[in-house]
């Protein structure tokens, strides 16, 4: 009795799924909104928060503009066939110049710093408000 190994090749991609871009945009917006709501009461905080907002806006707008330019240069038939689900993308491989990662691992590594900053600024703001009011 011989056993033959069936090698399964997971699909490979060198581009991120649109869900990852939307999640990153949502986390960046969460950071800006939390900063304004929780730290906007100071007398000179408006200028600093405006600069943070502009930086986040540029961090979102530049990749979006590049995506629009790329999409305009693509063939419309090729764009219709690219609609894979996030589950399929996450279970496949993601190619980087350093090597291959699983898609889910790549998404986590990209979104984790943004989530840590957004959740952290929210937690710090809540603690600041609790200590300022003296209610616990």
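Coordinate-derived values only; no laboratory data. The structure displayed is predicted, hence computed values, not measured ones. Counting neighbours? That spans all protein chains shown, and the Cβs are built from the backbone with ideal geometry, glycine included.
Would you mind checking the tilt of helix 45-73 against the longest principal axis of the Cα atoms of the chain, expressed as 0 to 90 degrees and rounded to 10?
Helix 45-73 sits roughly 20 degrees off the main axis of the chain.
From Cα pairs below 8 angstrom and at least 6 apart in sequence, can you work out the relative contact order of the chain, rounded to a whole percent?
Over the chain, the number comes to 41 percent.
Please label the shape of segment 91-136 as rounded, prolate or oblate, based on the square roots a ≥ b ≥ c of the eigenvalues of the alpha-carbon gyration tensor (a/c under 1.5 means rounded; beyond that, a/b larger than b/c means prolate, else oblate).
On the way: a/c = 8.48, a/b = 4.60, b/c = 1.84.
Since a/c reaches 1.5 and a/b is larger than b/c, the shape of segment 91-136 is classed as prolate.
Using only the Cα atoms of segment 16-81, build the gyration tensor, take square roots of its eigenvalues as a ≥ b ≥ c, and label the shape rounded, prolate or oblate: rounded if a/c is under 1.5, else prolate if a/b is larger than b/c, else oblate. Walk me through the numbers before you get to the answer.
Numbers: a/c = 6.17, a/b = 2.72, b/c = 2.27.
Prolate, since a/c reaches 1.5 and a/b exceeds b/c.
Round to the nearest 10 and give me the degree value, 0 to 90, for the angle of helix 18-39's Cα axis relative to the longest principal axis of the chain.
Long axis of 18-39 versus the principal axis of the chain: about 10 degrees.
Rounded to the nearest 0.05, what FRET efficiency do residue 41 and residue 111 have when you use their Cβ-Cβ distance and R0 = 41 Å?
Given R0 = 41 Å and the Cβ-Cβ separation, E is 0.90.
Just order 41-52, 102-113, 120-131 by mean Cβ neighbour count inside 10 Å, highest at the front, would you?
Averaged packing, sorted descending, gives the order 102-113, 120-131, 41-52.
With each label point set 7 Å from Cα along the Cα-Cβ vector, what nm distance links residue 58 and residue 131?
Reported label-point gap for residue 58 and residue 131 is 3.2 nm.
Quick one: pull the percentage of alpha-carbon pairs in the chain with a separation above 17 Å.
Summing the P(r) tail past 17 Å for the chain gives 71 percent.
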